[in-house]
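Take a look at the structure below.
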Amino acid sequence: MAVKIRLMRGGKKKQPTYRVVVADERSPRDGRFVEIIGFYNPRQEPSVVEIDNERAAHWLSVGAQPTDAVAKLLKISGAMNAAPATEGAK
């Protein structure tokens, strides 16, 4: 099972909030997920990014691939720096 770390949209029309979730890459955007590891609210000033860095580092270490948007959020929260390098692991 290929696992991705991606955003899951919530909120009302024109007022999005996002959960950062670990999900099978074949499931739909707002469908089944494995675990919620944080949230992102782009509408507040400044934007709110809250991610459980320990869980994010765990999922990155076992091979979960973040999407481009989530990779930026992980760098902001510091989880990308905490994850061990997995180059050549598989």
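Going by what's in this entry, would Gly31 be described as in contact with a Ser or Thr (Cβ under 7 Å, 6 or more places away or on another chain) and either surrounded by fewer than 18 Cβ atoms within 10 Å (Cβ to Cβ) or under 13 Å from Met80 (Cβ atoms) (or both)? Steps first, please.
On the way: in contact with a Ser or Thr (Cβ under 7 Å, 6 or more places away or on another chain): no; either surrounded by fewer than 18 Cβ atoms within 10 Å (Cβ to Cβ) or under 13 Å from Met80 (Cβ atoms) (or both): yes.
Taking the combined requirement at face value, the residue does not satisfy it.
Can you pull out the residues in segment 5-58 that are touching a residue at least 60 places away in the same chain (Cβ under 8 Å) and in contact with an Asp or Glu (Cβ under 9 Å, 6 or more places away or on another chain)? Give the derivation first.
Taking segment 5-58 as the starting set, the residues that turn out to be touching a residue at least 60 places away in the same chain (Cβ under 8 Å) are 5-7.
Correct list: Arg6 only.
Throughout, read-outs are computed from the coordinates displayed, never taken from laboratory work. None of the values given here were measured: they were computed from a predicted structure. Neighbour counts are summed over all protein chains in view; Cβ atoms, including those assigned to glycine, are modelled from backbone coordinates with ideal geometry.
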